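The values are calculated or read from the model by the stated rules, or taken from the named source; none is laboratory data. On a predicted model such as this, the values are computed, not experimentally measured, just so you know. Counting neighbours? That spans all protein chains shown, and the Cβs are built from the backbone with ideal geometry, glycine included. Ligands, DNA and RNA are stripped out before the accessible areas are found, and what is left, the full protein with its side chains, is counted by its heavy atoms. Shrake-Rupley method; radii C 1.70, N 1.55, O 1.52, S 1.80 Å.
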Amino acid sequence: MDPPARDNPFAQSFDVAHYFVGRHQQEVAAHLGYALAEGEGFTVITGERGVGKTSACRAFVSGLAPTQAAVAYLSGPRQSA
């Protein structure tokens, strides 16, 4: 039996130790890896609220060297009619 979890996997801060990698998360990582390798200056990840877009991006960025890319997260854009 595993010891009880000491960290909160639902905390606001991202901890890659609690990151689940499924098919969709692998697709995001592949998309971001391709964009980085091809020198794309900007890439967009879209999807429904709560599917893990930000977590997938943060997990990808956590594996980069600090000098490998400049990263900015634009989250929660507001649209008006």
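Annotations
- The set of residues from the stretch 22-40 being in a loop (DSSP other than H, G, I, E, B) and open to solvent by 80 Å² or more (accessible area, probe 1.4 Å) comprises Glu38, Glu40.
- Residue among Ser55, Ser62 that is buried (at least 16 other Cβ atoms within 10 Å of the Cβ) and under 24 Å from His18 (Cα atoms): Ser55
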